[in-house]
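Novice: Could you have a look at this structure, given as structure tokens, before my questions?
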Amino acid sequence: MTNPINGKFEMPALPYAASELAPALSAETIEFHYGKHLQTYLNNLNAALPGSAFEGKSLEEIVKTAEGGVFNNAGQFLNHSMYFLQFAAPKANNAPAGMIAEAIARDFGSFEKFQEEFQAKGAGLFGSGWVWLSADASGKLVITQEGNAQNPLTKGLKPLLTFDVWEHAYYIDYRNRRPDYLKALWSIVNWDEVNKRLG
Ligand code: MN
């Protein structure tokens, strides 16, 4: 995610067109959320790094060790990159397959029970933040609520899937209806990408 010539972090290329995630997410939401919010976090991060202790470090290292403004912009750059790269055009009855499907059944009982808990934790997060599915050191799946720019990496977890619950993620398409937004995102999750992250 860095440019080999100038060492700056770069925008992740979207694996879909801005209009392709509708009706779950409109092209306008992608234009603002990816095109403006994520771009701003990236610009702020790249502006803060030269001459700092974090110059030349990987994004993951920066998120694990930085504080304040560098942490906030690095965290938001990582969180949004993972968020936007985990989606694909909507599919009816979109459901996990392979290793992640087995792990979800093992640790939550069923995909439906997992969805219920994930949505409840996303809807119940007070203020701005993210709901995450991660694997712990033993491989067990856990759902966590992370405030503001936080990422499960800082708790020693391996992040796999995330839904952004900052208002800017859903206000254009869903206004105040965060639960409806969370429910709609299941149709666009690319479970192949989640399986890659599980490794
Ligand atoms: Mn966001």
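Just so you know, all these numbers are worked out from the coordinates, no wet-lab data involved. Model, not experiment: these values are computed from the prediction. Virtual Cβ from ideal backbone geometry, glycine too; neighbours counted across all protein chains shown.
Novice: What share of Cα pairs, in percent, lie more than 25 angstrom apart in the range 1-109?
Specialist: On the way: 2187 of 5886 pairs.
That tail contains 37 percent of the Cα-Cα pairs.
Novice: What is the spin-label model distance, in nm, from residue 64 to residue 36 if the labels are put 7 Å beyond Cα along the C-beta direction?
Specialist: The modelled label-to-label distance comes out at 3.6 nm.
Novice: Which three extents, in whole angstrom, do the alpha-carbon atoms of the range 86-199 cover along their principal axes, largest first?
Specialist: In descending order, the Cα extents are 37, 34, 22 Å.
Novice: Right, next: Counting other C-beta atoms within 10 Å, and keeping those with at most 13, which DSSP coil trypsin sites (Lys or Arg not before Pro) do you find in the range 81-163?
Specialist: 91, 140
Novice: Which GluC sites (Glu not before Pro) from the range 129-199 combine a DSSP loop assignment with at most 16 other Cβ atoms within 10 Å? Don't skip to the end; give the middle numbers.
Specialist: Values: sites: 146, 167, 193; in loops: none.
Passing sites in the range 129-199 do not exist.
Novice: Rounded to a whole number, what is D in µm²/s for the chain from Stokes-Einstein with the Kirkwood radius over alpha-carbon pairs (20 °C, 1.002 mPa s)?
Specialist: The estimated diffusion coefficient comes to 124 µm²/s.
Novice: While we're here: Okay, helix-only estimate at 222 nm for the chain: each DSSP H run of n ≥ 4 adds -39500 (n - 2.57), divide by all residues, round to 500 deg cm²/dmol; what do you get?
Specialist: Value at 222 nm, helices only: -12500 deg cm²/dmol.
Novice: Now a separate question. Using the beta-carbon distance between residue 140 and residue 94 and R0 = 35 Å, what value does 1/(1 + (r/R0)^6) give for FRET efficiency, to the nearest 0.05? Can you show the working numbers first?
Specialist: Details: r = 24 Å, r/R0 = 0.69.
In this case the efficiency is close to 0.90.
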